[in-house]
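Participant: Next up is a structure, given as structure tokens.
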Amino acid sequence: MSQLVTGEAVVLQVRIARMPTRALACAIDVIIQGMVLSGIISLLFGFLISEQSSEALAVALVIIVVLLVVVGYRLVMETLTRGRTVGKMVLGLKVVRDDGSSIRFRHALVRTLMWFFVDFAPWFAASPGIVASLMNKQGKRIGDMVAGTVVIRERQQSMSSPPLFVPAHLVAWAQSLELSQLPDELANTARDYLARFTELQPAARAALGETLAHRIALVTAPAPPTPMIAPAFLSAVLAERRRRELIRLAVVRPVTTGPFAPANPYAVPAGPFAPPSPYGVLPPTPVPVFAPPPPTAAATPATHNAQGWATPGSNSSGWT
């Protein structure tokens, strides 16, 4: 891993592409260039050997075609794809500037010209680029140094890390934690430690875990009710911190005001869109059972007089 500092003074953790991976990507590009070059020359073969074309014209035409394919391929590809060729796409590589931003035409032009005329030029035995890449800590060849670029690996191997969770008997303690004093930098360091937990040596793993747990315990309260090992303590704190952050992000903000505004605009959505819980599967919410309404009393039959009007009070549902 290496660090790139952006123009906003943000440190980016990137994985630098080394010489073997870059050589394989370059080999793929050279094969593609060779195929394209062979196809173009085969199309021009009839004109090159005809009696109407001079030897000087044929040589000039071949040189122009070679330059267009070898130089133009890299220049066009890296400019349009912002730092990728076909070989780099296959191996998950990308050319970026020293501050981590995407390259532009001038960077691709400088890299391509230096690649053809200096780094891998046949009159230099194709050695300057290889030597510079092996000696530079970021794997830069001369073209990268002049253009201010670096080749990084975009596809990184997934890091195995224990999932963040809170033990069932510590749920109440985790929900009562005071995490407002926990800085983001310390939380990210603890998360990186858990992500690389299996990659560390046992002695370094234990020492680093105890140090991080002690630092986090100083800015959080209360202490766990039962003794915990450092990784379990860090996992519980980070899980609770993530749960609260997800709830905060999942809050429905008010979008309307006035009489048609929702009654509780800051309620946490329920159902399939609710934030995940680090406490495992919670018991389902019981479905309310509604009792049927009590039967109504039978209405008194109505009696009518000779004129057809109901007798007052003879029927509770009629007119009185």
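The values are calculated or read from the model by the stated rules, or taken from the named source; none is laboratory data. This is a predicted model, so every value here is computed, not measured. Using ideal geometry, Cβ is built from the backbone for each residue, glycine included, and neighbour counts are taken over all protein chains shown. Protein only, heavy atoms only, side chains kept; ligands, DNA and RNA dropped before computing areas. Shrake-Rupley method; radii C 1.70, N 1.55, O 1.52, S 1.80 Å.
Participant: Among the residues of the stretch 197-209 satisfying the criterion of being surrounded by 12 or more Cβ atoms within 10 Å (Cβ to Cβ) and either among the aromatic types (Phe, Trp, Tyr) or part of a helix (DSSP H, G or I) (or both), which is nearest to the chain's Cα centre (by Cα)?
Facilitator: Result: Phe197.
Participant: Which of (1) loosely packed, with under 13 Cβ neighbours inside 10 Å; (2) in a helix (DSSP H, G or I) does Leu212 not meet, given it meets every other one?
Facilitator: With (1) loosely packed, with under 13 Cβ neighbours inside 10 Å; (2) in a helix (DSSP H, G or I) applied to Leu212, the lone miss is (1).
Participant: For the stretch 216-240, name all the residues that are of a type in the set (S, T, N, Q) and open to solvent by 50 Å² or more (accessible area, probe 1.4 Å).
Facilitator: Step one: of the stretch 216-240, the residues of a type in the set (S, T, N, Q) are 220, 226, 235.
Correct list: Thr226 only.
Participant: Looking at Ala230, Ala221, can you tell me which residue is at pLDDT 80 or above and in contact with a strand residue (DSSP E or B) (Cβ under 6 Å, 6 or more places away or on another chain)?
Facilitator: Answer to the selection: Ala221.
Participant: In addition: If a residue counts only when it is out of contact with any Leu (no Cβ under 6 Å at 6 or more places or on another chain), within 16 Å of Arg18 (Cβ to Cβ) and open to solvent by 60 Å² or more (accessible area, probe 1.4 Å), which helices (runs of 4 or more DSSP H) contained entirely in the stretch 72-144 have at least 3 such residues? Give the derivation first.
Facilitator: Values: elements: 86-91, 105-114, 128-135.
Once the helices (runs of 4 or more DSSP H) in the stretch 72-144 are filtered for at least 3 residues that are out of contact with any Leu (no Cβ under 6 Å at 6 or more places or on another chain), within 16 Å of Arg18 (Cβ to Cβ) and open to solvent by 60 Å² or more (accessible area, probe 1.4 Å), what remains is 128-135.
Participant: Of everything in the stretch 164-196 that's assigned to a helix (DSSP H, G or I) and among the hydroxyl-bearing types (Ser, Thr, Tyr), which residue is least open to solvent (accessible area, probe 1.4 Å)? Walk me through it before giving the result.
Facilitator: Within the stretch 164-196, the first condition is being assigned to a helix (DSSP H, G or I), and the residues that meet it are 168-175, 184-195.
Among the residues that remain, those that are also among the hydroxyl-bearing types (Ser, Thr, Tyr) are: 189, 193.
Working: Thr189: 61, Tyr193: 11 Å².
Filtering first and then ranking leaves Tyr193.
Participant: Another question, then. Given the structure, is Leu194 in contact (Cβ under 8 Å) with a residue 12 or more places away in the chain, under 21 Å from Ile247 (Cβ atoms) and within 26 Å of the chain's Cα centre (by Cα)? So that I can check it myself, show each step before the final result.
Facilitator: Values: in contact (Cβ under 8 Å) with a residue 12 or more places away in the chain: yes; under 21 Å from Ile247 (Cβ atoms): no; within 26 Å of the chain's Cα centre (by Cα): yes.
No.
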